[in-house]
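Contents: one structure, followed by commentary.
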Amino acid sequence: MIVRAARETDIGPMKALIDRYAAEDRMLERSDTFLRANLGDFLVADDAGTFLGCAALAGLTTDLAELRSLAVASDAGRRGVGRAIVLACVERARERGLRRVFALTLVPDFFVKCGFTLSSLGRLPEKSASECPVCPKRFACDEHAMLLHLDGTTPPALAPGDPVGGVHAPLPPH
Ligand SMILES: CC(C)(COP(=O)(O)OP(=O)(O)OC[C@H]1O[C@@H](n2cnc3c(N)ncnc32)[C@H](O)[C@@H]1OP(=O)(O)O)[C@@H](O)C(=O)NCCC(=O)NCCS
């Protein structure tokens, strides 16, 4: 198996997989238009031509990127494919000179296995200020913010009372 940059022919399999998990409320849906427009952010796991999974690394600032739309086909699960995709995204972030990668997720323990630390959306204003107000989950966010520092330091532990999920973002301005 290799993890490589996504190609136009991957859009169909990526959308089908993401749609399947989105229908189960396990991740956010992505439109065909979104996948086309952001194809350059996506990496896919490819086993001799068979699509196994994908994720995107989206730069938010010169310092910070979000790992999003991570999905592994259920019949390829628990074989290290998800970790390989995450590590390839982290490597891509390193090559781009970024310092931090985060993910919002319902599977925090998986990200811990990939080296991430539980953080809080409140510590990632670059994300929460720009995207939370228009997120379909804005009134009932149940995602955990997982953060990785690429310089090897461990992000600060959550303080008592820091929100984990369930952050209620403000309404967008009229
Ligand atoms: C979460 C997901 C990406 C994991 O992919 P995977 O290929 O099965 O994961 P891996 O085999 O690489 O697992 C790496 C480690 O994480 C653990 N792990 C995998 N899924 C886990 C889960 N749901 N909860 C806790 N630990 C998990 C594995 O046991 C393994 O641990 P080990 O190092 O002790 O052996 C996959 O199950 C998936 O696509 N889920 C549905 C969509 C989703 O939730 N995406 C995440 C959105 S941010």
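Here, each number is a calculation from the coordinates, and none is a lab measurement. Quick caveat: nothing in here was measured; it's all calculated off a predicted structure. Cβ: placed from backbone, ideal geometry, glycine included. Neighbour counts: every protein chain shown.
Observations, loosely collected:
- Converting phi to 3J(HN,Hα) with the Karplus coefficients 6.51, -1.76 and 1.60 and the offset θ = phi - 60°, the stretch 56-72 yields 10, 10, 10, x, 9, 9, 6, 10, 10, 10, 10, 8, 9, 6, 7, 8, 10 Hz in sequence order, with x at every glycine or proline.
- Dipole axis of the stretch 2-149 (+1 Lys, Arg; -1 Asp, Glu on Cβ), positive-most option in V134, F111, L28: F111
- Antiparallel beta bridges, as assigned by DSSP with both residues in the chain, represent about 90 percent of the total such bridges.
- Max mean-square fluctuation residue, GNM over the chain, Cα-Cα springs under 10 Å, options G80, G115, G59: G80
- Amide H contacts of A73: G53, each under 5 Å away and 5 or more positions distant or on a separate chain (H built 1.01 Å from N in the peptide plane; Pro and chain starts excluded).
- Using every pair of distinct Cα positions in the chain, the Kirkwood expression returns a hydrodynamic radius of 16.6 angstrom.
- GluC sites (Glu not before Pro) within the stretch 1-63, DSSP loop, no more than 10 other Cβ atoms inside 10 Å: E24
- For the stretch 24-60, applying the loop criterion from DSSP together with a ceiling of 14 other beta carbons within 10 Å to the trypsin sites (Lys or Arg not before Pro) yields R26.
- Dipole size of the chain about its Cα centre, with +1 on Lys/Arg Cβ and -1 on Asp/Glu Cβ: approximately 200 debye, rounded to the nearest 20.
- Axis of helix 11-23 versus longest Cα principal axis of the chain: the two differ by about 50°, to the nearest ten degrees.
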